[in-house]
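Novice: I'd like to ask you about the structure that follows.
The values are calculated or read from the model by the stated rules, or taken from the named source; none is laboratory data. Quick caveat, the model's predicted, so the values are computed rather than measured. We place every Cβ from the backbone using ideal geometry, glycine too, and count neighbours over all the protein chains shown. We work out accessible area using only protein heavy atoms, side chains counted, and drop any ligands, DNA or RNA first. Shrake-Rupley method; radii C 1.70, N 1.55, O 1.52, S 1.80 Å.
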Amino acid sequence: MWQARTWCAGYDAPPLTTAGLRKASPLAGIHITDIESAINYWRAREPSPDGLSLPAPTAALAAVYAHMVYHHDSEADEATMPAQAYTAWLAWYQSTPDTPCIAICSTSQGDDWCKGCGRSFEEVQKWTEMEPTQKRATWRRITAEGTAWRFNKYAERAAENKNPAPGQWNGRPFQ
């Protein structure tokens with residue numbers, strides 16, 4: 001068993017920049033809700049063979065989840081998380097949409113925050129360089145805020161383009 005709290009970290013709020021703007025932490029952790037989602041992904045993908053035992057990926061994630069709940073942690077440190085649990089989490093992560101973009105980027109028009117997806121200019125520019133945990137921290141923030149057009153005015157655009165082919169938008173190539 002792991003040492004208590006070796007791979008879990010408490011979560012308060014994203015750090016503030018000097019301008020007071022929110023941004024994803026460079027060392028973002030894996031939030032407990034992502035662990036829950038990954039467990040459910042694996043439960044659907046590899047159901048329990050007998051209704052009692054858990055397949056290896058689900059068991060690894062469940063151990064992390066139990067540890068987090070016991071210690072009242074809301075984030076797990078990816079660097080010290082057990083390898084099998086992190087691998088299972090990454091498999092779930094790869095099944096999620098990569099970017100919150102809905103192809104209406106107001107940062108290209110000079111806005112500091114995109115009205116379409118809710119990301120900051122810096123997040124939009126550095127998205128391809130960000131680690132999965134940093135991307136998930138951004139997704140959590142914009143989902144919690146719920147103010148971006150992807151969640152209201154253009155929600156149908158986000159729903160239509162759930163799993164696009166690379167370089168495609170609604171079946172059409174990006175121009």
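Novice: Restrict the check to the range 127-147 and report whether at least one residue is on the phi > 0 side of the Ramachandran plot and within 18 Å of the chain's Cα centre (by Cα). If you could, list the steps in order and put the result at the bottom.
Specialist: Our first condition is that a residue be on the phi > 0 side of the Ramachandran plot; within the range 127-147, this holds for 146.
Then keep just the ones that are within 18 Å of the chain's Cα centre (by Cα); that gives 146.
There is at least one residue in the range 127-147 that is on the phi > 0 side of the Ramachandran plot and within 18 Å of the chain's Cα centre (by Cα).
Novice: Those residues that are under 16 Å from the mean Cα position of the chain (by Cα) and free of Cβ contacts under 8 Å to residues at least 60 places away in the same chain, I need them from the range 115-126; list them, please.
Specialist: Scanning the range 115-126 gives C117, G118, R119, V124, K126.
Novice: Another question about this same structure. If we keep just the residues of the range 125-168 that are outside any loop (DSSP other than H, G, I, E, B), of a type in the set (D, E) and modelled with pLDDT of 65 or more, which is least open to solvent (accessible area, probe 1.4 Å)?
Specialist: Just the residues of the range 125-168 that are outside any loop (DSSP other than H, G, I, E, B), to begin with: 125-129, 132-145, 149-151, 155-160, 168.
Remaining after also requiring of a type in the set (D, E): 129, 145, 156, 160.
From what is left, the residues that are modelled with pLDDT of 65 or more are 129, 145, 156.
Working: E129: 127, E145: 63, E156: 94 Å².
By that ranking, first place goes to E145.
Novice: Working only within the range 115-124, note down all residues that are open to solvent by 30 Å² or more (accessible area, probe 1.4 Å) and among the basic types (K, R).
Specialist: Selection gives K115 alone.
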